[in-house]
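Undergrad: Following this message is one structure expressed as structure tokens.
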Amino acid sequence: MAAFTLWWQMHAWRTPEVLASTRFSRPDGDEHVSFSLLLPARHEQAVLDHTVQRLLESTHTDFEIIVIVGHDDPETTAVAEDAAARDPRVRVVVDTHEKKNKPKAMNTALPHCRGDVVGVFDAEDQVHPELLAHVDHAFRTTKADVVQGGVQLINFHSSWYSLRNCLEYFFWFRSRLHLHAQKGFIPLGGNTVFVRTDVLREADGWDPDCLAEDCDLGVRLSSVGKKVVVAYDSDMVTREETPGSLVSLLKQRTRWNQGFLQVYRKKDWKQLPGFGQRLLARYTLMTPFLQAFSGVVIPLNAAVALFLDVPVGIAFLTFLPLVTAAVTFVFEVVGLHDFGKQYGLRVRLVHYLKLIVGGPFYQVLLAGAAIRAVWREQRGRNDWELTSHVGAHLTRAEVNRDLREDVPA
Amino acid sequence: MTSTLPAVTTPKVPAQRQPAPETGSADRTAPPSRLRSSRSDLLLCGALLVAVLVVQGWNIADYPTLSDDEGTYLAQAWAVQQGKGLAHYTYWYDHPPLGWVQIALLTWIPSWLSPGSMTVGGMRIAMLVVSAVSAVLVYVLARRLSLPRWAAGLAMALFGLSPLSVVLQREIFLDNIAVMWTLLAFTLAASPSRHLWHHFGAGLAAATAVLTKETMLVVLPALFVTMWRHSHRDTRKFAVTGAVTACVLIGFSYPLFALLKGELLPGGGHVSLWDGVKYQMTRPGSGFILDRSSGSYGVLHSWLYYDRVLPLGGLAGALLLIATWRWSVTARALAGPAFTIAILTVLAMRPNGYLPAMYVIQALPFLALVLAGGTASVAHAVLRRWRADGEKRYVTGGRYALAAVLAVAAGAYVVPRWYDGDHTAVTTDANAPYRAASKWLTSEVEDPKDTRVLVDDALWLDLVHDGYRPGLGVIWFYKADLDPAVTKTMPHGWKDIDYVVASPTVRRDAVDLPNVKAAIEHSTPVATFGTGEDRIEIRQIQTTGTADGGVR
């Protein structure tokens, strides 16, 4: 199982040709697609204006920005209205649902979209000005229904877990998603994702009850055979930051895992035509739980082999998973080097050490999130955990960050 | 339907589907992307393979003389098959065990069908599989290193048909198996698709080679160079680290194995990996290879006796390639093999290193490759260099005439010598004394089960099949002095032995083995097979009053 993950994780680097094919192709300057960019914002008055201004700097000429705010959030609404007054391309949609979450907010805005393509961003995303032009080109040249751009966490130096978190994103967007696109089963990311408006309406938008509505949308669209294209360029990725604390990371992970479980139980993936695709779907959606399992089993195995009196042959076998784990580790170290190089960041020796030492602890965290997700799902608690406890025990910034819907990694 | 975006090389290039940017030199003769689908490659390689198999297989059991080492490995493979662990005597980390584990696998089916066939002569046939795989790999590797088809064929022929190769590759040596894995590693490292997992596989194959015969360690730098040259700038760091990791991890399984058995470090009452390594590292040197009186010189001459073309020609080829590095595409393409030859040559030239007779085995495929590469280089120089578009016809004709003269001259030199060498290999019966000795011990000794015989390793399995007790009844002669588990069953020293089969190996090594020496001194020959230095004597121990030899 670790070997599979490793195999897929390294997909993009298999051959130089594959690596070259994962990048955006250069736009030709022609523009045919108009965009409606959804920007759900909740208690994010601090960053919202900056994000909108940056989006407005896009080189593409035909797009509108729809900021979605809650009716109970006057501060953010004020910032949004202000931006709308300054630029006609910005509009504001108010979500009046009693219980709020991101899919509901975006479904509220969907009827207001005028563009050919709906794009989703988060309120604190840093979007590259040339991204839209590239996406436009990708839609035209590949006849895609969906284009997924890259998202990258950048603040790897903040803490040991943010380092690992960044690297997870790196491997996921740089490599693994391309494999999914190629195989025809793809759990989409939460932002920098672009869908043709008619396709999205046909699919009835996002599932308001799913905790991983982005993943769900990807699964549903690929199940009905829509063409998804993934492109990754280190210049063109949307930059984000990792969750601000371990607890919020754990909660975010729990939500994704629970979302994965829900998507699995919805069984949309069963419509996939190929057996291999269905297997990949099953495996991908179960990954967090298998990961949790192996995280516990591997150290146990090695301990058994070393300390108990078992035959040499069997002891030998118990070390096999450790080998794949070691290979993964090494590739992660190399990945970190590549990450630093691509983003022009200085990765120091201490970061490599943190990466290695932090590995097992991160596994524990992932395992914890997986178990927690199963437990919550069993007890039928599928609310948006943090939405219902706003400000209870977290700073506002953390809440905002958790509200943001990210892609699973 | 989903897919990734069309490929582009760099963001600066207009969108289009094109391969990844090339690094390194443009190859003169790009190999076909799939050798498997190239008809002429298949035909050439297949024809050569048949030739190699016929020459190597014909008379394989009777020539060359059975070697002691062959007996050692095959007997240990037999022990593996019998479920007696890694050896029938205590496994003492003399070599990593993977080599004879593979021999055990190779000979599993034939020995299951007919247990009596598990003797050195009979099981040499299994080495044909190894030779065949290696020969094909030499061809594929040559093509992947951008040699033209004829040169790849030449490399395969040199490797498989040189009388030196024929003699050495017939024998059950771990080196032959290790060479196969090394060739696989090089072939994967030079994979034209530059696939990450091919390079990873190269690391695995390299580790297998080292665990088959530890001397393959010295070739790894050359493998690294090959991989470096054949990987792409954008994916190199993943490919190369992946390969190194794979190699190291698999390599570590050997110390891990020792650790799990509690035999990693020396301690009272058990063997250890540490001691095994120490033994191999401190083996007494055999002198400087160019010193006429040294043992190494003798070894060198034993190689040159069989064939001078491949070792000396290959060395010259390597020198030529290294010298023309700057101008010749072929020289750069063959950097890996040439580097291998350089490493092995330097190691062989150590002033007082230990130079075993098998040393040259690991060099054979690379000698063949660089010799073929050197030939291709010369051919290119003669036929193409400084050739302008409007070259006069007589000049071109002269070029071809010169090439033809060179080819004929080389053929005239090589073919008769190789014919003689290979003719000897397919017709000579060098092992009649061994067979006769085995037969005598079967028919003339009354009670094999209770008879104790010192034999060399090559004859050991024959006697086991004849009913002697393996280990303490029929005894590897040197175990009588070196293995505490054996000596303690011989409280009276040589008096506890009934026979000594004094083969050339036993007589040679007895000098340093008191028990064996005493046994020879206190015995008289009851049967002698062969004459002179190569004779095999069956000597019965003469103990006063207890002459219970059991001769009819």
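The values are calculated or read from the model by the stated rules, or taken from the named source; none is laboratory data. Worth saying up front: this structure is predicted, and the values here are computed from it rather than measured. Please note: Cβ atoms are built from the backbone with ideal geometry, for glycine as well, and neighbour counts cover all protein chains shown.
Undergrad: Across segment B:231-259, what is the number of residues that are touching a residue at least 60 places away in the same chain (Cβ under 8 Å) and not basic (K, R)?
TA: Counting residues in segment B:231-259 that are touching a residue at least 60 places away in the same chain (Cβ under 8 Å) and not basic (K, R) gives 4.
Undergrad: Of the residues that sit in segment A:326-340 and are more than 9 Å from every other protein chain (Cβ to nearest Cβ) and over 14 Å from A:G358 (Cβ atoms), which one is surrounded by the fewest Cβ atoms within 10 Å (Cβ to Cβ)?
TA: Applying the filter and picking the extreme gives A:G340.
Undergrad: With respect to B:A316, is the statement that it is surrounded by 17 or more Cβ atoms within 10 Å (Cβ to Cβ), under 24 Å from the mean Cα position of the chain (by Cα) and at pLDDT 90 or above true?
TA: no
Undergrad: Among the residues in segment A:360-383, are any crowded, with 19+ Cβ neighbours inside 10 Å, at pLDDT below 55 and in contact with a helix residue (DSSP H, G or I) (Cβ under 9 Å, 6 or more places away or on another chain)?
TA: no
Undergrad: If only one of B:A222, B:A239, B:A202, B:A206 is assigned by TED's automatic domain parsing to the domain that holds B:I341, closer than 15 Å to B:P96 by Cα and in a helix (DSSP H, G or I), which one is it?
TA: Just a single option satisfies the conditions, and that option is B:A206.
Undergrad: Please determine, by comparing only the residues of segment A:205-256 that are of a type in the set (S, T, Y), over 15 Å from the mean Cα position of the chain (by Cα) and within 14 Å of chain B (Cβ to nearest Cβ), which one is surrounded by the most Cβ atoms within 10 Å (Cβ to Cβ).
TA: A:S222
Undergrad: What are the residues in segment B:292-316 that are within 17 Å of B:A357 (Cβ to Cβ) and in contact with a helix residue (DSSP H, G or I) (Cβ under 7 Å, 6 or more places away or on another chain), if any?
TA: B:V299, B:S302, B:W303, B:L304, B:Y306, B:D307, B:L310, B:P311
Undergrad: Shifting gears a bit: Across segment A:18-68, what is the total count of residues that are charged (D, E, K, R) and more than 14 Å from chain B (Cβ to nearest Cβ)?
TA: 8
Undergrad: I need the full set of residues from segment A:68-112 which are farther than 18 Å from A:P208 by Cα, of a type outside the set (K, R), in contact (Cβ under 8 Å) with a residue 24 or more places away in the chain and surrounded by 17 or more Cβ atoms within 10 Å (Cβ to Cβ), in order please.
TA: If the condition is that a residue be farther than 18 Å from A:P208 by Cα, of a type outside the set (K, R), in contact (Cβ under 8 Å) with a residue 24 or more places away in the chain and surrounded by 17 or more Cβ atoms within 10 Å (Cβ to Cβ), then A:D73, A:T76, A:V79, A:A80, A:A83, A:V90, A:V92 are the ones that fit.
Undergrad: Here is a further query. Which condition breaks for A:V347 when tested against (1) surrounded by fewer than 17 Cβ atoms within 10 Å (Cβ to Cβ); (2) touching a residue at least 12 places away in the same chain (Cβ under 8 Å); (3) part of a loop (DSSP other than H, G, I, E, B)?
TA: Tallying (1) surrounded by fewer than 17 Cβ atoms within 10 Å (Cβ to Cβ); (2) touching a residue at least 12 places away in the same chain (Cβ under 8 Å); (3) part of a loop (DSSP other than H, G, I, E, B), A:V347 fails exactly one: (1).
Undergrad: Can you tell me which residue among B:I125, B:I103 is within 21 Å of B:V210 (Cβ to Cβ) and out of contact with any Pro (no Cβ under 7 Å at 6 or more places or on another chain)?
TA: B:I103 is the lone residue from the list that is within 21 Å of B:V210 (Cβ to Cβ) and out of contact with any Pro (no Cβ under 7 Å at 6 or more places or on another chain).
Undergrad: Can you tell me which of (1) within 14 Å of chain B (Cβ to nearest Cβ); (2) crowded, with 19+ Cβ neighbours inside 10 Å; (3) of a type outside the set (A, V, I, L, M, F, W, C) is the one A:Q262 doesn't meet?
TA: Unmet condition: (1).
Undergrad: Considering only segment A:173-196, state which residues are within 13 Å of chain B (Cβ to nearest Cβ) and in a loop (DSSP other than H, G, I, E, B).
TA: A:G184, A:F185, A:I186, A:P187, A:L188
Undergrad: Another question, if that's okay. Take residues that are among the β-branched types (V, I, T), modelled with pLDDT of 85 or more and within 30 Å of B:S162 (Cβ to Cβ) and tell me which of the helices (runs of 4 or more DSSP H) falling wholly in segment B:63-138 contain 2 or more.
TA: Passing ranges, in order: B:98-106.
Undergrad: Of all helices (runs of 4 or more DSSP H) completely enclosed by segment B:299-380, which ones contain at least 3 residues that are free of Cβ contacts under 8 Å to residues at least 40 places away in the same chain, within 18 Å of B:P221 (Cβ to Cβ) and assigned by TED's automatic domain parsing to the domain that holds B:L145?
TA: By residue number, B:335-348.
Undergrad: Out of curiosity, is A:L306 surrounded by fewer than 16 Cβ atoms within 10 Å (Cβ to Cβ) and either in a helix (DSSP H, G or I) or free of Cβ contacts under 8 Å to residues at least 24 places away in the same chain (or both)?
TA: yes
Undergrad: Kindly check whether there is at least one residue in segment B:503-519 that is touching a residue at least 40 places away in the same chain (Cβ under 8 Å), closer than 12 Å to B:I475 by Cβ, surrounded by 16 or more Cβ atoms within 10 Å (Cβ to Cβ) and small (G, A, S).
TA: Yes, some residue in segment B:503-519 is touching a residue at least 40 places away in the same chain (Cβ under 8 Å), closer than 12 Å to B:I475 by Cβ, surrounded by 16 or more Cβ atoms within 10 Å (Cβ to Cβ) and small (G, A, S).
Undergrad: Taking B:S191 and the conditions (1) small (G, A, S); (2) surrounded by 24 or more Cβ atoms within 10 Å (Cβ to Cβ); (3) not in a helix (DSSP H, G or I), which numbered condition does it fall short on, given that it satisfies the others?
TA: Just one mismatch for B:S191, condition (2).
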